[in-house]
Amino acid sequence: MERVLSYIDAIREATDQEMQRDLSVVVFGLDVDDPKAIQGTTRGLMEKYGRERVFGTPLSEDAMTGAAVGMALAGLRPIHIHIRMDFLMLAMNQLVNVAAKSRYMYGGQVRIPIVVRSMIGKSWGQGAQHSQGLYSFFMHVPGLKVVAPATPYDAKGCLIHAIRDNDPVMYIEHRILHFQKGPVPESSYTMSPGKARVTVKGRDVTLVGISYMHSECLRACRYLESIGIQAEVIDPIWLSPLDIDTIAASVHKTGRLCIVDNGWTTCGASAEIAALVTERLQGVKDVRVRRMGFAPVTCPPTPLLEDLYYPNGRTIASAAHDLVTGTHNGWLPDERLDLQEIEFRGPF
Amino acid sequence: MNERVYRSLYRIRRVEEEIARIYPSDKIKSPVHLSIGQEAVSVGVCEALRPEDVVFGTYRSHAFYLAKGGDLKKMMAELYGKATGCAKGKGGSMHLVDTAHGVMGASAVVGTTIANAIGYAYALKLQRKDSLVVSFFGDGATDEGVFHESLNFAALKSLPVVFICENNFYAIHTSLMYRHKSTDICALARAHGITAERVEDGDVLAIHEHVTRAAKALRDGSSGPFFFECLTYRLMEHVGSNEDFHLGYRTRQEAEPWIRNDQVKRFASMIDGERRRRIEAEVEAEIQAAVAFAEESPFPEGEELFTDVVEG
Ligand SMILES: Cc1ncc(C[n+]2csc(CCOP(=O)(O)OP(=O)(O)O)c2C)c(N)n1
Ligand SMILES: [Mg+2]
């Protein structure tokens, strides 16, 4: 029997195993030591490793990010945690101007092995400042790695890699993904940067789903199945470096690409993927491309508008249907109760 | 004066109790940060202000919104996500706003509106207006760099702003003691050259008196800015509609002196029974009407999703 863990427990186990293995790993951030323990992802770590290696901080994102850089310079491997990605905006100077650049501007003399964990919020009126998926900001900057695992298996493997990586890694979680359960081996393993996974094989259209949107793509895939369209679903996992080979190979086969981002499309991850695939396949294959993401507005908390704001399995299926059929006949599948919540079971 | 204060205190308390009552029905799909126990700060401060004065606050936004004269119906509708809400359902509980009544908004990102408040105060000074700005924030905000940077600038430019730190001892579940070596928040303000005082007992009249004096000095242009640290106590969980003493980060004993010192009860006992009942009945009717308004109002239409991003 495969062992099943939640995404939350996978993160906690990865952290625990690495802290055990490597004394230089330290964990800190606002509320990592509080009763809710960052949704449980840091539970028990302070008791096990002590208050020097696991500690809550004041509300000081800017300074604490700079401190993480300093710790890394001195040989530690800090994991700095933020309960919302939105709060990273207070840490931009240290992340973009210092962490990302130090190795290069000091001619390779230093390394900054930090992991910055942050979470994207969704639903229940998270609204304007608690729901943003801003990872494309970090994809833009050379010197930062960006990963957005969508399954418990990947959450563990990617986090272990991120901790061991000698460069800064932005590790992006999603509040809804936290509740996912899936197979997670107990022993330690790593998932290398720049490797995507084809999670469903198909020949008609390629769906690339980022972070939580991967789950919605799996739903779309089931809706499409019911009308005889076979979607291939890809989880890029790492956004920087990005595995464009796997995506381009799929699009080479299907000729149709729909990228579903967990953020805005403009200058976002979907724009980057579309551009890279187009550059790769132009003159080789005629390709139709569609991007989806958050509506180009601030996230509204009111439920009806919030529903319209996010892509979902049905709207993705509709877009994919149009790509495949070359029509715009407004086909939208009726909501299926069995597809409201899918627990992802990846074919690994 | 006492009756005004009681009405405002009672109104905020009852509105939030009503929100807590409705919350389990899932009709309010918005993270609510209740001020039950903390009303005296908003009331004491806002009773000392004029309508044209403005306030900036935090996601714990119900109390100062109401105390400053924010529209109750629109607030309820906002919590329900309705088109008639104070932000048309686009803000939610954490971002209440009513510019007509000087409620200039609230941020979910700790500390951010302190800087906005000093900017507003700078503009008032430039425009030679005699109104002033109040910046409400929690003890948590004093951890942030923006707090110090804003205080420095406000002091440097002698801005017409009153900083109100609502020190409820915790940032979510983390005590100030675990976040600051020195827990003397007033000392931080004084270090920036700002006159600072602590109100320890949550006495609404003491807060009122302090702010009244500060407001007068600011309007005269004789001195400023001012800083008040108001000790207070949050009786409910950080976010949501329940108590949280079971979590273990604080004890019910710790809350007891604050419960005994409840300003709502204190003022209730200071007002003659007949008049008190009249105030309460009026407030209850107003709340019922506001809830009914929220329930009956429509949700925003789909096309509202795309309005208000930029002008036009
Ligand atoms: C910049 C930033 N960091 C972290 C958070 C998460 N957070 C939300 S409320 C809060 C506590 C703030 O405490 P305080 O300022 O004392 O206000 P209170 O909630 O006690 O009214 C924290 C840490 C946030 N919203 N913004
Ligand atoms: Mg506080």
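Summary of values
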| read-out | value |
| --- | --- |
| Cα→Cβ-extended label distance, 7 Å offset, between A:Thr327 and B:Glu52, nm | 6.5 |
| Rounded to the nearest 20 debye, dipole of the range B:5-83 from Cβ charges on Lys, Arg, Asp, Glu | 220 |
| Cα-based shape type of the range B:180-269, given that a ≥ b ≥ c are square roots of the gyration tensor eigenvalues and the cut on a/c is 1.5 | oblate |
| When each of A:Lys101/A:Lys285; A:Lys48/B:Lys181; A:Lys122/B:Lys27; B:Lys82/B:Lys216; B:Lys90/B:Lys157 is checked by Cα-Cα distance, pairs over 29 Å | A:Lys101/A:Lys285; B:Lys82/B:Lys216; B:Lys90/B:Lys157 |
| Accessible area in the full protein assembly, largest first, 1.4 Å probe, for B:Lys82, A:Lys253 | A:Lys253, B:Lys82 |
| Cα gyration tensor, the range B:1-121 - rounded (a/c under 1.5), prolate or oblate | oblate |
| Global size of the range A:95-201 as Cα Rg and Dmax, reported in angstrom | 15.3, 47 |
| Distance between modelled label sites at B:Ala281 and B:Asp130, nm, 7 Å Cα→Cβ extension | 4.1 |
| Projected label distance in nm at B:Ala187 and B:Ala100, using a 7 Å step from Cα toward the beta-carbon | 4.7 |
| Span per principal axis, largest first, for the Cα atoms of the protein assembly as shown (Å) | 82, 58, 53 |
| Chain B, dipole about Cα centre (Lys/Arg Cβ +1, Asp/Glu Cβ -1), debye to the nearest 20 | 580 |
| A:His140 - accessible surface, heavy atoms, 1.4 Å probe, Å² rounded to 10 | 150 |
| A/B buried area, accessible surface, summed, 1.4 Å probe, Å² | 2700 |
| Distance between the range A:196-242 and the range B:189-255 - C-alpha centres, whole angstrom | 52 |
| FRET efficiency for B:Ser269 and B:Arg14, using Cβ-Cβ distance with R0 set to 22 Å, rounded to 0.05 | 0.85 |
| FRET efficiency for A:Asp334 and B:Asp203, using Cβ-Cβ distance with R0 set to 51 Å, rounded to 0.05 | 0.25 |
| In Å, descending, principal axis extents of the Cα set of the range A:197-327 | 45, 34, 26 |
| The range B:220-312: Rg to Rh, with Rh as the Kirkwood radius over Cα pairs | 1.13 |
| Cubic angstrom per residue, convex hull over Cα atoms of chain A | 138 |
| Candidate residues B:Tyr59, B:Tyr6: accessible-area rank, largest first, probe 1.4 Å | B:Tyr59, B:Tyr6 |
| Where N is the number of residues in the range A:4-183, Cα Rg divided by 2.2 N^0.38 Å | 0.95 |
| Distance from the range B:28-44 to the range B:156-177 (C-alpha centre basis), Å | 16 |
| Gap separating the Cα centres of the range A:1-39 and the range A:308-326, nearest whole Å | 36 |
| Accessible surface ranking that places the most exposed of A:Asp16, B:Asp130, A:Asp243 first, with a 1.4 angstrom probe | B:Asp130, A:Asp16, A:Asp243 |
| For B:Phe306, solvent-accessible area (1.4 Å; no DNA, RNA or ligand), Å² | 120 |
| Anisotropy class of chain B from Cα gyration tensor, a/c 1.5 cut | rounded |
| Theoretical FRET efficiency, 1/(1+(r/R0)^6), r = Cβ-Cβ of A:Val284 and A:Val198, R0 25 Å, to 0.05 | 0.80 |
| Spin-label proximity, A:Arg21 to the range A:140-161 - amide N less than 13 Å from point 7 Å beyond Cα toward beta carbon | A:156-161 |
| Dipole-positive endmost among A:Leu95, A:Leu59, A:Phe138 within the range A:4-183 (Cβ charges, Cα centre) | A:Phe138 |
| Those chymotrypsin sites (Phe, Trp or Tyr not before Pro) in the range A:90-155 that DSSP places in a loop and that have at most 12 other beta carbons within 10 Å | A:Tyr106 |
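The values are calculated or read from the model by the stated rules, or taken from the named source; none is laboratory data. Not measured: the values here are computed from a predicted model. Quick reminder, even Gly has a Cβ in these numbers, built from the backbone with ideal geometry, and neighbours come from all protein chains shown. What goes into the accessible areas is simple: the full protein's heavy atoms, side chains included, and nothing from ligands, DNA or RNA. Shrake-Rupley method; radii C 1.70, N 1.55, O 1.52, S 1.80 Å.
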